[in-house]
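The values are calculated or read from the model by the stated rules, or taken from the named source; none is laboratory data. A quick note: this is a predicted structure, and the numbers were derived from the prediction, not measured. When we count neighbours, we look across all protein chains shown, and the Cβ atoms used for this are built from the backbone with ideal geometry, even at glycine. Just so you know, the surface numbers come from the protein's heavy atoms only, side chains and all, with ligands and any DNA or RNA stripped out. Shrake-Rupley method; radii C 1.70, N 1.55, O 1.52, S 1.80 Å.
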Amino acid sequence: MLMNSQPDEESDEESEKQEDSEDEKPKEPVVLPVSKQKKIEKQLTDDEILELAFQRAQLQQVELKQETKEEPLLKIDPKHLDGDQELRRQFGSVIDDQVNKRIKRKRTILVNPVENWPRFNKEGVSMERDQNGKWQFVHSKSYQKMQIQFMQCVETLNPDTIVGLLRQHPYHIDSLLQLSQVFRHQGELNQASDFVERALFAYERALAPSFKIHDGETLDYNRIENRPLFMALFWHIHFLARRGTWRTCLEFNKLLYGLDPTGDPLCAGLFMDCFAIKAKEFQWLLKFGQDRTMGPGFLYSLAMAQYETEKEHSKSTEMLVYAIEQYPGLVTRLFQKMSLSEPWMTNHYFVQSSQNDDYLGYMTILYDLYVEEMHTLWKVPFIVEWLKSAVEIVLKGRMPVPETKDLKIPLNLQRMLFVADKHEYRTRLPQQLSTVMSYDPYPPPNSIPSVYDYVRNQRNPSTMTIPQTAGALEAFIQSFLPWLRVADGPQDGDQRGLRDMVMDLLNQVNPAQENQENEEQ
């Protein structure tokens, strides 16, 4: 009797404990043994059984979502956002004196504040949630005036006007980024990098307390106030790469990609595999690439990561063969970049896949970008031999017929090529460079309207419009201002009076002279 009653008492105690745990953790369901579930179901009505089955299906869906959640792969480790610390790990105390001179204040998440930076005053950038509950950056009225003044300075094509604006407002973000490009073109890379870090510092000080930039938060690139942060992160990664801090590059690239993983406005995904391989994060890359293909070189990098994590190299060879079959033109360009000549390189299959733009479209750009970043890692002797063996396997098998690729260059790729100053590809960009604004290149077509759109339309002759309902005077104005074009449909300008329209036209005439007169006064 005692032996029979003891399990019942223990089961009652266990059920009480389970009920207590349910109060503390309501999301964790109580899982009963199968025999007990069947016994309980016999005592239930048909409706109750259906309800129980529905609840089980919901629990399975929740568990499935938890298993496929992407956040762990894109989660940022703040300790790997410090390039100076990575240099210390690489070179030890040799660089300590140089690094210590840079730091004056406590490090923030993104950057190390530098001793000669101006005292920070909040310029008017903050964060709030939109009507859909998503975070966004917003500009105060004073900052909007500052931004409009900056746009006028850009039109003068005189960097000194931006320098003057930055003296008055040392943490105006777009001015910092614009001057960074000026110094970069002059070869003063340290100063250029410093301006980018100041811009990131200004953004970080504007973050809302509950906005965790390193923990999977996203921003809408369609909002113009958010875009400079993407630009600043992109150039910060560029300067980190010049220092060889690949682990830090990977973390910042994950951050840039994670801010908008769907649109990827600056093609951070194209460089994810490059930084991961150089940082020797092979296991992370293999997990990241399970359900993703970022570009033609991504398959090659996955094969290399697999090669570095196995001894027999059987699976990695299969992966490399598959990559060559999918993108045979890439292996040809790799060998050409490495100054290696092989008989198979004259094969019609590889020649067409490497040089025929009629079927490749923009794929040749992706080939060249990957080869430029990764050819030194493929040039290692034992890697070259492995690559040759994979090509021989492809030649012995049935080579697939290359498929016609999309010829149109995606907008995010156009934007990245412009921002990164890839001059060799700019001739292939469809839009005239004279109409691209350097501080906001290739804005998305579904951008959220802002006050700066109106200012840009009035200040940029190539984008000014006259309403379709324009009268005789407007037609006369267009006759001596031929850059004005007639809008296809109703515009906001239709609501403006004729006097306002003429005044706007007069105000846009020679803004550089107006700024010069203000400086002389």
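With Rh defined as the Kirkwood radius, the inverse of the mean 1/r over Cα pairs, the Rg/Rh of segment 270-317 is 0.93.
Ranked by the mean number of other Cβ atoms within 10 Å of their residues, highest first, the peptides 117-127, 251-261, 384-394 fall in the order 251-261, 384-394, 117-127. Surface calculation, 1.4 Å probe, protein heavy atoms: H169 sits at approximately 50 Å² accessible. The slack between K388 and S339, meaning 0.36 nm per residue of separation minus the straight C-alpha distance, is 16.2 nm. Using a cutoff of 8 angstrom between alpha carbon atoms and counting only pairs six or more residues apart, the relative contact order for segment 138-218 works out to 20 percent. Sorting 235-244, 128-137 by their mean Cβ neighbour count within 10 Å, with the most densely packed peptide first, gives 235-244, 128-137.
For the pair S140 and V455 in one chain, pulling the backbone fully straight at 0.36 nm per residue adds 111.8 nm over the alpha carbon distance.
Ranked from largest, the principal axis spans of the Cα set of segment 161-247 equal 38, 34, 22 Å.
Simple spin-label estimate for Q186 and I148 gives 3.0 nm between the two label positions (7 Å along the Cα-to-Cβ direction from each Cα). If R0 is 41 Å, the Cβ-Cβ spacing of F91 and M437 corresponds to a FRET efficiency of close to 0.50. Each label point was placed 7 Å from the Cα along the Cα-to-Cβ direction; for T156 and L377 their separation is 4.6 nm.
Residues R333, R198, sorted by accessible area with the largest first, give R333, R198 [1.4 Å probe; ligands and nucleic acids excluded].
With a Förster radius of 45 Å applied to the C-beta separation of I109 and L395, the computed FRET efficiency comes to 0.35. In the P(r) worked out for segment 135-281, what percent of Cα pairs fall beyond 26 Å? Percentage above 26 Å: 27.
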